[in-house]
Amino acid sequence: MTTDVPTLQEEERYRAVLGLDPAGAGTLESLISALHDESWRVRRAAAEAARRLPAPGEVALRLVSVLGERGETGARNAAAEALVGLGDVALGPLIRLLGHSDPDQRKFAADILGQLGRRGAENALIQALADPDLNVRVSAVEAVGRVGSEVGARALERLLKEEEPLLRLAVLEALTQLQWPPPLPVVVPLLAEGRLRRSAYRVLGLIPQVAATELISRGLGSELRSVREAALGALGTQASVADTPLRAEIDAQARTSLKRLPNAMEFVSQAFEAEDYYVRAGALVAAGALREPTLAVLVAEAAREDRLLREVIRTLSRLGAEAGRELLGRMAELSLPARAAAAQALLEMVDPSYVPALSALLEWAEDDLRAVAVKALGRTQSPDAVAPLVALLDEPALAGAAVRALGVLSGGCREAVIKALEAVMEQRPVPAAVAAYAHAGGTAALPTLRRLARDADPLLRAAALDAAVDVDPAVGLELARGALVDEAAPVRASGARVVGRVGDASAGSLLRRALQDEDIAVRLAAVEALGEIGAAERATDLEAMVRHPDGALAGRAVRALARMGTIRPEVLRQAARHSDAEVVKAALQAGAVSAEGVALAVEMLGHPGWDVRATAARVLGDAGGRESLEAVQAALASEQDALARRALSDAVERLSRR
Amino acid sequence: MSAEEFRLLRDHVYAHCGILIREDMKFVMERRLWPRLEALGLPNFAAYHRFLRYDTRRNAELDSAVEALTTHETYFFREPVQLKAFTEEVLPLLQQRNAGTRRLRIWSAGCSTGEEAYTIAMLLKESRLFEGWEVEIYGTDISRRVLTTARKAEYGPSSLRATPPEMLSRYFISLGASKVRVRDDIRAWVSFGHLNLLDAESCLLVPRADVVFCRNVMIYFDVPARQRVLQVFSDKLVPGGYLMLGHSENLLNLGAAFELVHLRGDLVYRKPELSWKVER
Ligand SMILES: C[S@@+](CC[C@H](N)C(=O)[O-])C[C@H]1O[C@@H](n2cnc3c(N)ncnc32)[C@H](O)[C@@H]1O
């Protein structure tokens, strides 16, 4: 047997590296010599250890010197890996290395800078695009593709005029990576070049224009299989970046080209097996354009790639009801992701003939699939769907979905729904059935609901109350008074929610007890309700709650106070000091109307949570004056998080206009 | 779902179980979580995020969310090349190594609905190397729902799509209507449990194993999370024990806790022995 079993000595060397003291004298040199070890495990361990040494600047310099040791491939690669691990401190030495006299060194520098992926290297890499050595130029192109901004992309674009095909290929790939297509006239001649074709088509797909679609369609009709496949990849790319009107155009054009192709079906079916993700994406667009129901299973299976899910659902929906029946019949054989996609698409195609197959699905499928089946049953508008849905009302995972489906169903066959639910009310009511019954029965359900509000089962009492308020707010409020002194917490919570939904400001006193309830769910409901009804006389209770360590209570109290319009500056500050970021955000949003709130937002630009900083930026954009501009600009300059950056730059723009 | 809602939910899920949802998967997240919103009657994803953080039912719901976000796709005899190498090359070695104790323990980490754990059991039976041994196969998963299915051991055509016909007749009982159940002697070797691989505490409960299968699980994890999980595996494997990863997974850039072993048929990872006996 040929196993690579490390020798005893190797194991010792490996352990020696792991045992090195980062702060010890001579550790750096020991690591450097370990980088030259014949065993990759030892080299890897040394590269790992290098990033933990103190004085990383010195380490970086020493590692760069290893890069210069020709003939020591293993050591150089390990040094490169270690430099990537060092991060920012490696930037300077590597940029200097781009100016080395040895092209091999310069190429190494470019490669590593690309892996580091720091924007700070962009200018240096752009200069390296003009390096006299071709290999360096190619590496620089790839690196710009990884770190580049618009400036980098423009610099790359200019290189498409160069002679060297290898370079142009690298440029096309890099531009694809940057999602930056060059102008159409620049791309067109590249489509004819064998070696560049695939990449050129890919870039073409990034251009959301009809003219590009036309070129792609022409490619689809090519005699050459490789061209057709490249064009399919472009089709997939374009579909993923297109907006709706262009998308319709793409579908129409693809259909025309494919219809002219004698073995379109075969070609498209095969494309589903392609390695290339974009070719498979293109196959989906093509299948949708062909509207061929026999492709349904292949299409559904494409959902095994998560990123294609959206396109799969869209395509299946276009294949029509016949495809739907095909899928439903073969559900059990499909892979799990395919099943989920198929189920979703079925919702679009559903008709009464689907009921038996959907009911069968309820017998064996996973819960998420069953949830879709439940929804689909509602959409069949068939009385046959009533019984299977009613049977689900006491299954916790699906009861909610079943209630909604029965609601949809009662649009078409109300009598059947009510009759079935009345039977349930007589025999064994469950909370979900109560909700469904109230929805379908309307005021006719009220006597039953009143009766259930006194049932021995607290869950039924709560459900009856929640349902009654939907049917008649006055009845709901009347029942809520009793519920607030119920011995069961779920009923008290339900009572508080109902007051929030239908009470007015005078109902605040009803909620006083609930605010101090022993059960946190009841307290949460009461706080929320106070905000809804705007009971300002309870503001002090809410202010006390802002200090509560539980973020849920504190956050809701802040929001409730804000809704009442009575949040005081001290309370705002207190909320902003809460350890839960959601409470801080609530405070920022609540404060947006006041000068104190704006001042607070400026402070919160330095909060550790990206979402808090983003919220602060938004508040300042909405409510700040020009005097906040400087602070926002400063925050933007040091912001690392993409979403917070966007919020900050929006705020800068809005504040600059004030 | 706004970009912000997406990120908040993503961060929350990540902190819980190490599953990282890439930025371009927002749509997938939306699709998969939408049924949860519907089930809870929540109006939007901001409300869902608050629910996950503050509702009294938040722990159960977090499980459901993770459940919805991970793909549980699995089937019997998945990745046959690796299984062949496992059967023909790893199992004989393990038989030699453990001949003294006559005990074999295998952990299927992220076992989903159990097909992998049962497949391993069937391969062990097929090999006839461990007759009369104490064999234990542990299947664990973060999703409680898949474990219910795993325990039931009843499967349909989708799970069987790569099962060789002779295995089907030898190790399954037909239940009619294209359903089968795994035979009892296979089931007797396998047990299941709930476990979050990123929760060091719950991993304490897993006994030491000779082999860990963790295939198509770490694809969801980013590098720091992978590192944490690999540490768990390294702790749980006996020295010289094997780690079987999925076909498209590797330990590049993940430090040196495991060594790569070149078998004739495949590459596998192994926890280094404490002292080295050089083999033939
Ligand atoms: C695609 S399945 C793989 C099943 C099987 N190992 C195979 O290869 O066929 C991935 C499984 O990993 C589980 N999983 C994901 N994250 C996990 C975590 N943090 N802890 C435990 N299991 C996890 C999921 O619930 C899912 O069932």
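Suppose we keep just the alpha-carbon trace of the stretch A:513-558; what are its Rg and Dmax in angstrom?
Just the Cα atoms of the stretch A:513-558 yield Rg and Dmax of 9.3, 25 Å.
Label points 7 Å out from Cα along the Cβ direction at A:Asp88 and A:Ser506: separation in nm?
It is 6.3 nm.
Which percentage, to the nearest 5, of the DSSP beta bridges contained in the stretch B:127-280 is antiparallel?
Rounded to the nearest five, the antiparallel share is 50 percent.
Using Cα atoms only, what is the angle between the long axis of helix A:431-441 and the major principal axis of chain A, expressed in degrees (0 to 90) to the nearest 10?
Taking the Cα atoms of chain A, the angle to A:431-441 is about 70 degrees.
With a Cα-only, solvent-free Debye model of the stretch B:107-230, what are the log10 I(q)/I(0) values at q = 0.13 Å⁻¹?
-0.55
Which order do B:Arg161, A:Arg41 take when ranked by solvent-accessible area (1.4 Å probe, heavy atoms of all protein chains), largest first?
B:Arg161, A:Arg41
What size of dipole, in debye to the nearest 20, comes out for the stretch B:1-92 about its Cα centre when the only charges are +1 on Lys and Arg C-beta atoms and -1 on Asp and Glu C-beta atoms?
With Lys and Arg at +1 and Asp and Glu at -1, about 280 debye.
Do you know the relative contact order of chain A, to the nearest whole percent, from alpha carbon pairs under 8 angstrom that are 6+ apart?
Relative contact order for chain A comes out at 4 percent.
Treat every Asp and Glu Cβ in the stretch A:474-615 as -1 and every Lys and Arg Cβ as +1, leave all other atoms uncharged, and give the resulting dipole magnitude about the Cα centre to the nearest 20 debye. Numbers along the way, then the final one.
Details: 17 positive and 19 negative charges, 44 e Å.
Result for the stretch A:474-615 is approximately 220 debye, rounded to the nearest 20.
Put one equal scatterer on each alpha carbon of chain A, apply the Debye formula with no solvent term, and list log10 I(q)/I(0) at q = 0.07, 0.09, 0.11 1/Å to two decimals.
The computed values of log10 I(q)/I(0) come out as -0.79, -1.14, -1.21.
How do A:Arg119, A:Arg314 stack up against each other in accessible area, from largest to smallest, with a 1.4 angstrom probe?
A:Arg119, A:Arg314
Can you spot the lysines whose alpha carbon is less than 16 Å from B:Lys84's alpha carbon? Ignore those fewer than 8 places along the same chain.
Excluding near neighbours in sequence, the set is B:Lys125.
Percentage of Cα-Cα pair distances in the stretch A:533-658 greater than 26 Å, rounded to whole percent?
Values: 1625 of 7875 pairs.
Counting every Cα pair in the stretch A:533-658, those more than 26 Å apart make up 21 percent.
Length gain on complete extension for the stretch A:Asp21 to A:Arg218, per 0.36 nm per residue less the alpha carbon to alpha carbon distance?
Here the answer is 64.5 nm.
When the dipole is taken about the Cα centre of the stretch A:351-444, and only Lys, Arg (+1) and Asp, Glu (-1) are charged at their Cβ, what size is it in debye, to the nearest 20?
The dipole of the stretch A:351-444 has a size of about 280 debye.
With runs of 4+ DSSP H residues as the only contributors, calculate the mean residue ellipticity of chain B at 222 nm using -39,500 (n - 2.57) per run, divided by the residue total and rounded to the nearest 500. Intermediate values should be presented prior to the final figure.
On the way: 12 runs with 116 residues, N = 280.
Counting only the DSSP helices, I get -12000 deg cm²/dmol.
Report the semi-axes of the equivalent ellipsoid for the stretch A:122-170 in whole Å, largest first, where each axis is √(5λ) for an eigenvalue λ of the Cα gyration tensor. Could the numbers behind the result be given before it?
Numbers: eigenvalues 47, 26, 16 Å².
Result for the stretch A:122-170: semi-axes of 15, 11, 9 Å.
If I take the Cα coordinates of the stretch B:177-248 and project them onto the principal axes, what are the three extents in Å, biggest first?
45, 25, 24 Å, listed from the longest principal axis down.
Regarding the stretch A:298-451, what are the three Cα extents along the principal axes, ordered largest first, in Å?
Projected onto its principal axes, the Cα set of the stretch A:298-451 covers 54, 26, 22 Å.
Using +1 at the Cβ of each Lys and Arg and -1 at the Cβ of each Asp and Glu in the stretch A:466-586, identify which of A:Leu561, A:Val527, A:Leu515 lies farthest towards the dipole's positive end.
Farthest along the dipole direction, towards plus: A:Leu561.
Two decimals is fine: what's Rg over Rh for the stretch A:239-331, C-alpha atoms, Kirkwood radius as Rh?
Result: Rg/Rh = 0.94.
From the mean inverse distance of alpha carbon pairs (Kirkwood) and the Cα radius of gyration, derive Rg over Rh for the stretch A:257-296.
Rounded to two decimals, Rg/Rh equals 0.93.
Just to verify a number: what accessible area does B:Lys26 come out at with the full protein assembly present, 1.4 Å probe, Å² rounded to tens?
B:Lys26 exposes around 60 Å² with every protein chain in place.
Between B:Ser178 and B:Asp235, what FRET efficiency comes out of the Förster formula 1/(1 + (r/R0)^6) with R0 = 56 Å and r the beta carbon distance, rounded to 0.05?
With R0 = 56 Å, the Cβ-Cβ based efficiency is 0.85.
Add -39500 (n - 2.57) for each DSSP H run of 4 or more in chain A, then divide by its residues: what number comes out at 222 nm, to the nearest 500 deg cm²/dmol?
-21500 deg cm²/dmol
Calculate, for A:Arg654 and A:Asn123, the FRET efficiency according to 1/(1 + (r/R0)^6) with r their C-beta to C-beta distance and R0 22 Å; round to the nearest 0.05.
Calculated transfer efficiency: 0.15.
Give the aspartates and glutamates reachable from B:Lys26 as a straight Cα distance under 15 Å; neighbours fewer than 8 places away on the same chain don't count.
B:Lys26 reaches A:Glu305, A:Asp306, A:Glu311, B:Glu4, B:Glu5, B:Asp11.
What are the extents of the Cα atoms of the stretch A:173-276 along their three principal axes, in Å, largest first?
Each principal axis gives a Cα extent; for the stretch A:173-276 these are 34, 33, 23 Å.
Taking 2.2 N^0.38 Å as the expected size of a compact globular protein, what ratio does the Cα radius of gyration of the stretch A:202-252 give against it, to two decimals?
1.01
Give, in nm to one decimal, the length gained when the segment between A:Glu12 and A:Glu69 is fully stretched (0.36 nm per residue of separation minus the Cα-Cα distance).
Gain in length upon complete extension: 18.0 nm.
Mind checking the angle between helix A:396-412 and chain A's longest principal axis? C-alpha axes, 0 to 90 degrees, to the nearest 10.
Result, in degrees: 70.
Considering the convex hull of the alpha carbon atoms of the stretch A:412-570, report its projected area averaged over all viewing directions, in nm², one decimal.
10.0 nm²
Keeping all protein chains in the complex and leaving out DNA, RNA and ligands, what accessible area do you get for A:Glu150 with a 1.4 Å probe, in Å² to the nearest 10?
100 Å²
Can you give the translational diffusion coefficient of the stretch A:176-221 in µm²/s, computed by Stokes-Einstein from the Kirkwood radius over Cα pairs at 25 °C and 0.890 mPa s?
The Stokes-Einstein estimate is 233 µm²/s.
With all protein chains present and a 1.4 Å probe, how do A:Trp610, A:Trp364 order by accessible area, largest first?
Order by accessible area, largest first: A:Trp364, A:Trp610.
What is the gain in length, in nm to one decimal, between A:Arg291 and A:Asp243 on full extension, counting 0.36 nm per residue of separation less the C-alpha to C-alpha distance? Display every interim value, and only then the final one.
Working: separation 48, 0.36 × 48 = 17.28 nm, distance 2.08 nm.
Between A:Arg291 and A:Asp243, full extension yields an extra 15.2 nm.
Normalise the Debye intensity by I(0) for the stretch A:11-122, one equal point scatterer per Cα, no solvent, then take log10 at q = 0.13 Å⁻¹ and round to two decimals.
-0.44
Taking a probe of 1.4 Å, how large is the accessible area per residue of the stretch A:292-356, in Å²? Kindly include the intermediate steps, with their values, before the conclusion.
Numbers: 2350 Å² over 65 residues.
Spelled out: the 1.4 Å probe surface of the stretch A:292-356, per residue, equals 36 Å².
Taking 2.2 N^0.38 Å as the expected size of a compact globular protein, what ratio does the Cα radius of gyration of the stretch B:1-87 give against it, to two decimals?
Rg over 2.2 N^0.38 Å, computed on Cα atoms: 1.33.
Just how much of B:His262 is accessible, in Å², when a 1.4 Å probe is used and the result is rounded to the nearest 10?
Rounded to the nearest 10, that gives 70 Å².
If one takes the longest principal axis of the Cα atoms in chain A, at what angle in degrees, from 0 to 90 and to the nearest 10, does the Cα axis of helix A:103-116 lie?
10 degrees
R0 = 35 Å: FRET efficiency of A:Arg158 with A:Asp102, Cβ-based, nearest 0.05?
Efficiency at R0 = 35 Å is approximately 0.85.
Compare each residue of the stretch A:267-311 in its chain alone against the assembly with all protein chains, and report those whose accessible area goes down by 20 Å² or more; 1.4 Å probe, heavy atoms.
The answer is A:Arg304, A:Asp306, A:Arg307, A:Leu309, A:Arg310.
Using the eigenvalues of the Cα gyration tensor, what equivalent ellipsoid semi-axes result for the stretch A:62-213 when each is taken as the square root of five times the eigenvalue, whole Å, largest first? Please list the in-between numbers first.
Values: eigenvalues 191, 46, 30 Å².
After scaling each eigenvalue by five and taking roots: 31, 15, 12 Å.
The values are calculated or read from the model by the stated rules, or taken from the named source; none is laboratory data. Note that the structure is predicted; figures quoted are calculated from it, not measured. A quick note on method: Cβ atoms are made from the backbone with ideal geometry, for glycine too, and the neighbour counts reach across all protein chains shown. Heads up: the accessible areas ignore ligands, DNA and RNA and are worked out on the full protein's heavy atoms, side chains in. Shrake-Rupley method; radii C 1.70, N 1.55, O 1.52, S 1.80 Å.
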